[in-house]
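Below you'll find the structure, written out as structure tokens, and then a few comments.
The values are calculated or read from the model by the stated rules, or taken from the named source; none is laboratory data. The model shown is predicted, which means the values in this text are computed figures rather than measured ones. Using ideal geometry, Cβ is built from the backbone for each residue, glycine included, and neighbour counts are taken over all protein chains shown. Ligands, DNA and RNA are excluded from the accessible area calculation, which covers all protein heavy atoms including side chains. Shrake-Rupley method; radii C 1.70, N 1.55, O 1.52, S 1.80 Å.
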Amino acid sequence: MKKGWISIVGGLLIGLAISYVVLDYNGWTLITIGSNGENTRSINELDFDLMTNAFGIVLICAAVIYGALTVISKKKQADK
């Protein structure tokens with residue numbers, strides 16, 4: 001139970017830090033231009049590729065941390 005919480009929290013922290021540094025956020029902005037050439041409305045949309053990749057990085061980090069904690073606990077039990 002403790003390994004699960006540590007891996008989830010650690011995966012979130014490390015995965016989000018890696019995602020922030022490595023992935024570039026290029027949000028889409030849709031601008032509608034009126035007949036006189038002025039901006040009538042602009043809409044900002046989320047970049048779903050960025051969110052999917054960040055979620056994947058978080059999952060991978062959590063899995064790596066969980067695996068490392070499992071290996072460490074097995075080595076400690078084998079040494080006793």
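A few comments on the model shown:
- Projecting the Cα atoms of Ile14, Thr32, Leu69 onto the charge dipole of the chain, computed from C-beta unit charges around the Cα centre, puts Leu69 farthest toward the positive end.
- Given R0 = 35 Å, the distance between the Cβ atoms of Ala17 and Ser73 translates into a calculated FRET efficiency of 0.90.
- Solvent-accessible surface of the chain, averaged per residue with a 1.4 angstrom probe and all protein chains in place: 83 square angstrom.
- Potential lengthening between Asn39 and Thr52 on full extension [0.36 nm per residue; Cα-Cα distance subtracted]: 1.6 nm
- If you look at the Cα atoms of the chain, you get an Rg and a Dmax of 21.2, 80 Å.
- List Tyr20, Tyr25, ordered by accessible area with a 1.4 Å probe, largest first: Tyr20, Tyr25
- Solvent-accessible area, 1.4 Å probe, carbon plus sulfur percent, for region 33-80: 61
- On Cα atoms only, tilt of 2-22 relative to the major axis of the chain in degrees: 40
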